[in-house]
Structures are given as C-alpha cells and as structure tokens.
1. For the range 1-16, which positions are more than 13 Å from the chain's Cα centre (by Cα), open to solvent by less than 10 Å² (accessible area, probe 1.4 Å) and of a type in the set (A, V, I, L, M)?
2. Taking only pairs six or more apart or across chains, which ones have beta-carbon atoms under 7 Å, a first residue in the range 59-83 that is touching a residue at least 60 places away in the same chain (Cβ under 8 Å) and open to solvent by 10 Å² or more (accessible area, probe 1.4 Å), and a second residue that is among the aromatic types (F, W, Y) and not in a strand (DSSP E or B)?
3. Please work out if F176 is of a type in the set (F, W, Y), in contact with a Pro (Cβ under 6 Å, 6 or more places away or on another chain), within 15 Å of Q15 (Cβ to Cβ) and surrounded by 16 or more Cβ atoms within 10 Å (Cβ to Cβ).
4. Tell me which residues, restricted to the range 205-215, are open to solvent by less than 20 Å² (accessible area, probe 1.4 Å) and either touching an Asp or Glu at 6+ places or on another chain (Cβ under 9 Å) or of a type in the set (D, E, K, R) (or both).
5. Taking the stated definitions as given, is L19 buried (at least 18 other Cβ atoms within 10 Å of the Cβ), modelled with pLDDT of 95 or more and in a strand (DSSP E or B)?
6. Within the range 198-220, can you find the residues that are within 30 Å of P38 (Cα to Cα) and either in contact with a Ser or Thr (Cβ under 6 Å, 6 or more places away or on another chain) or touching a residue at least 40 places away in the same chain (Cβ under 8 Å) (or both)?
7. Condition first: modelled with pLDDT under 95, part of a loop (DSSP other than H, G, I, E, B) and aliphatic (A, V, I, L, M). Can you find one or more residues in the range 112-129 that meet it?
8. Considering only the range 42-66, how many residues are in a loop (DSSP other than H, G, I, E, B) and more than 24 Å from the chain's Cα centre (by Cα)?
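The values are calculated or read from the model by the stated rules, or taken from the named source; none is laboratory data. The structure presented is a predicted model; accordingly, all values stated were derived computationally and were not measured. Glycine gets a Cβ as well: all are built from the backbone with ideal geometry, and neighbour counts include every protein chain shown. Side chains are part of the model used for accessible areas, which takes the heavy atoms of the whole protein and leaves out ligands, DNA and RNA. Shrake-Rupley method; radii C 1.70, N 1.55, O 1.52, S 1.80 Å.
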Amino acid sequence: MAAKLGYWKIRGLAQPIRLLLAYTGTEYEDVKYECGGPPDYDRSCWYSVKDTLALPFPNLPYYIDGDIKLTQSNAILRYIGEKNNLGMLKRLPSCCGLTFVVAGNTEMDRVTVMVLENELMDFRNAFVRLCYNSKFNEQMREDYIKNVKSDKLKRFSAFLADRQWNAGGGVTFVDFIMYELLDQHLMFESTILDEFPNLKAFLKRFEALPAIKAYMESPKFMETPVNNPVAKWK
C-alpha cells in the first residue's frame, strides 16, 4: 500500500517533502485538503477527519506509511530519507549517480544539518508571519526584503560559500527545505537573490537533479499557491 502525505492544497510545509519523495522515487498518495475562501475560510475538510487517522499528534502535514504515522515536517523528511536506506552516517550513490546523505557523514556535517534545520525554520516562520499578517502592505514588503537580504540571505550565502550543498559533499534533507524557501522568496521578489550568486546557483543545481527536473516537469508539481487563501500573499 502506498504511503500517504496529507497537507493543505498549497506548497507550504509539504513542498520539501514532496520534492524528497520525488527524489527518492517513493510511491505515495498526495492527500490535499482545500481551505475555503472568505469570509469564513472553512477548514472543516481537515477538522472533520483529523481525529480519525490515529495520529499521535494530529496536524498537517502528516505522513502515514503502514503502521508509521508521523507529523512535523522535519521529522517526516528525516524518516523518508532513512526509509530509503540513506542512513544518518552513510554516503550512498543515488539513483541518478549523485551522492545523498540524510544528515551528513561527519560529526561536523551532522551538527551543520541540525543547526541549519532550525535556522531555516526561523527563516520560514518570519516569512509566514509576513504573508499572513492582516495588515500586510507594500511598506512591510519592502522592509522585509531589505532586512532579509542584510541578515538571513547574507548569512545563508556566506555559510554555503563555494560548496555545492550545505553539508559535506552530498545532498541532505535541509537542501530540500532551503530550495523551497529560496524559491518562494524569488516568487515574492524576483531580484531578491541578485546579490547572492551562489544561492542562485544552488537553486539551478537543485532543479537540475534528474529526478527533481522530471518531477517539476510533471503534472504532479504544484507551482502555486504557496499559502492558504487567508494569507495576504499567496
């Protein structure tokens, strides 16, 4: 039986998971719950079933793989990597001849992944707060762009430096998170990465991975929306 990934009918937190599932060639059912429009933004499609799935901590996204029932996006990413024989301390050839590791080969790699995982969540949370802010306006947008370029993006660029991937010599699950967040920011402002050529190169490198390229060219790939209808930037 195929696994199930459940999330809103948006990119949001689930898109890095979808990308990882595509990269690993995992068969799964992409269960999408659609939030209603204004003024109520009805979410009963999810609330009516959330307590029927035997999830220990019902939430979206969720991932069900037989008896394994997971919530929390980063836990799901880690699980999928390990399920595909991509162990925490192993470096294995992938289906497309590249190297894939879940959380790095060395202790430094593993520490790097742990730190970056949480830095990226902070990065995402700040962006989400802006997008869902009911008072969102052009000045807030401009202030955010200015601040994120001088802080987070500058730090991510310096951290990546001239490496292909964020930890060691191979792809780790945090690269899937970083790709999605950088891509969302490019959608938000097309010039936001112009000062960071290594981040732009990272995006192109990720998109060129054969399994990712095939997925993005397929009908399964979701370009929009990034956020639910209640958001001011979708």
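1. A3, L5
2. Short answer, once both residue conditions are applied: R78/F173.
3. Yes; evaluated as a whole, the condition is true for this residue.
4. Across the range 205-215, the qualifying residue is only F206.
5. Judged against the criteria, L19 is not a match.
6. Once the filter is applied, which keeps residues that are within 30 Å of P38 (Cα to Cα) and either in contact with a Ser or Thr (Cβ under 6 Å, 6 or more places away or on another chain) or touching a residue at least 40 places away in the same chain (Cβ under 8 Å) (or both), the range 198-220 yields only K220.
7. No; the residues of the range 112-129 include none that is modelled with pLDDT under 95, part of a loop (DSSP other than H, G, I, E, B) and aliphatic (A, V, I, L, M).
8. 6
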